[in-house]
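Have a look at the structure below before the remarks.
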Amino acid sequence: MKGPVPKTLVLAVGIVVGIMLFAGCEEEENSSDTKPDTKPNTRRSRLIAVENVQLKKQIEKLKKVHAKEIKRQEEQLDKCLQEKKALEELSDKGVESYMQDILGPLAEENAKLHEEIKTLKAQIEKLKTEL
């Protein structure tokens, strides 16, 4: 029993090492592809240049769109701030107007009614004493 296990283990280790060596060679080949070519590939360079131009145009379009959107939102913000200020002023004027137009006459009316109550109480007391 001891004999087959070490042979199997050696075989498994050998396969793993072989795979690792093979994978290492592929990595080396792939990394050599990323090295700059000594002869420029003109077709590839032209495609990259065309793509760069298209991307730059897209960026410019997006910048214009975003600038317009930012300007629109800033204008909307300014408009909202102006409306808020106008509403605050209207609210302040409304409170002052309410105090002058409604509470002022009510206070005067209240004072008159108190005087009238005093007068009527005095008349009631006078009538009670006469009876």
Checked the stretch 104-131 for anything surrounded by 10 or more Cβ atoms within 10 Å (Cβ to Cβ) and of a type in the set (A, V, I, L, M); matches are 106, 107, 111, 113, 117, 120, 122, 124
Check: Taking the condition surrounded by 10 or more Cβ atoms within 10 Å (Cβ to Cβ), at pLDDT 85 or above and in a helix (DSSP H, G or I), does residue 15 pass?
Finding: no
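The values are calculated or read from the model by the stated rules, or taken from the named source; none is laboratory data. These figures come from a predicted structure and were not determined experimentally. Because the Cβ atoms are built from the backbone with ideal geometry, glycine has one as well, and the counts that use them run over all protein chains shown.
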